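What follows is calculated from the coordinates using simple rules that are stated; it is not laboratory data. It should be emphasised that the depicted structure is a prediction, and the values quoted were computed from it without experimental measurement. Cβ coordinates were reconstructed from backbone atoms using ideal geometry, including for glycine residues, and neighbour counts include every protein chain displayed.
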Amino acid sequence: MITSSLKPILVVEDSVEDFTALGRAFRKQALANPLLRCEDGDQALEYLQGYGKRAGWPLTLPAFVLLDLNLPGTDGRTVLGILKQDPQLQSIPVIIFSTSSNTRDIEECYRLGANSYLTKPIEYASLEEKARLLVNYWLGTSELPPLS
């Protein structure tokens with residue numbers, strides 16, 4: 001079982017249905033890491049910039065962030081740009097997980113510092129496969145920075 005020291009995985013996703021399906025797909029991979037959800041970009045920034053300062057929030061930064069682009073309030077592009085310019089947060093891997101396969105969105109996200117870009121699949125079996133690949137690569141293969 002892959003744990004990456006049980007650092008949480010932060011999913012920034014406004015759709016309850018998408019988050020529920022993703023959680024199910026991760027559980028199928030025996031992911032032991034806590035799965036956290038922020039419903040919009042503002043909540044994600046508040047959590048990441050203030051981790052450990054609020055009751056009930058983990059004391060550690062996430063192993064990686066799965067970030068939707070089209071969010072209410074502050075959108076995913078803005079969140080990505082802020083994270084990658086913050087010296088305390090810039091080394092957290094940010095994986096864009098969006099329905100958009102627009103080449104301009106993909107190029108802009110990499111320009112802003114995204115570590116990976118995945119298009120959300122329509123079929124659940126494809127979502128399970130992407131969850132398997134995420135867990136195996138980001139928690140099992142990749143050497144992640146030692147964040148507090």
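Each label point is 7 Å from the Cα along the Cα-to-Cβ direction; what then is the distance between the points at residue 85 and residue 35, in nm?
It is 3.3 nm.
So for the pair residue 126, residue 17, with labels modelled 7 Å out along Cα→Cβ, what separation do we get in nm?
Here the answer is 1.6 nm between the modelled labels.
How do 25-35, 72-82 rank on mean C-beta neighbours within 10 Å, highest first?
Highest to lowest by the protection proxy: 72-82, 25-35.
Rounded to the nearest 500, what is the chain's calculated 222 nm mean residue ellipticity when only DSSP H runs of at least 4 contribute -39500 (n - 2.57) each, over all residues?
My calculation for the chain gives -10500 deg cm²/dmol from helical runs alone.
All other residues with a Cβ under 13 Å from the Cβ of residue 119 taken together, and with Lys, Arg as +1 and Asp, Glu as -1, what is their net charge?
-3
Taking R0 as 35 Å, what's the FRET efficiency between residue 54 and residue 99 from their Cβ-Cβ distance, rounded to 0.05?
0.70
Collect residues whose amide H, placed 1.01 Å from N in the peptide plane, falls under 5 Å from the amide H of residue 7; neighbours closer than 5 in sequence don't count.
Residues meeting the criterion, in which the H sits 1.01 Å from N, do not exist here.
Size of the dipole of region 4-141 about the Cα centre, Lys and Arg at +1 and Asp and Glu at -1 on the beta carbon, nothing else charged, in debye to 20?
About 540 debye.
What's the local net charge at residue 29, with K and R +1, D and E -1, over the other residues with C-beta under 15 Å away?
Result for the neighbourhood of residue 29: +3.
State the answer as a single residue: which of 23, 122, 140 lies farthest towards the positive end of the charge dipole of the chain, with beta carbon charges of +1 for Lys and Arg and -1 for Asp and Glu, about the Cα centre.
Farthest towards the positive pole: 140.
Taking K and R as +1 and D and E as -1, what net charge do the other residues with C-beta under 12 Å from the C-beta of residue 19 add up to?
-3
With a Cα-only, solvent-free Debye model of region 4-141, what are the log10 I(q)/I(0) values at q = 0.11, 0.22 Å⁻¹?
For the requested q values the scattering log ratios are -0.35, -1.59.
Multiply the residue gap between residue 119 and residue 133 by 0.36 nm, knock off their C-alpha separation, and tell me the result in nm, one decimal place.
3.7 nm
Mind sorting 122, 95, 9 by how few other Cβ atoms lie within 10 Å of their own Cβ, fewest first?
Starting with the residue having the fewest Cβ neighbours, the order is 122, 95, 9.
Student exercise: in region 4-141, how many lysine pairs 8 or more apart or on different chains have Cα atoms under 24 Å apart?
11
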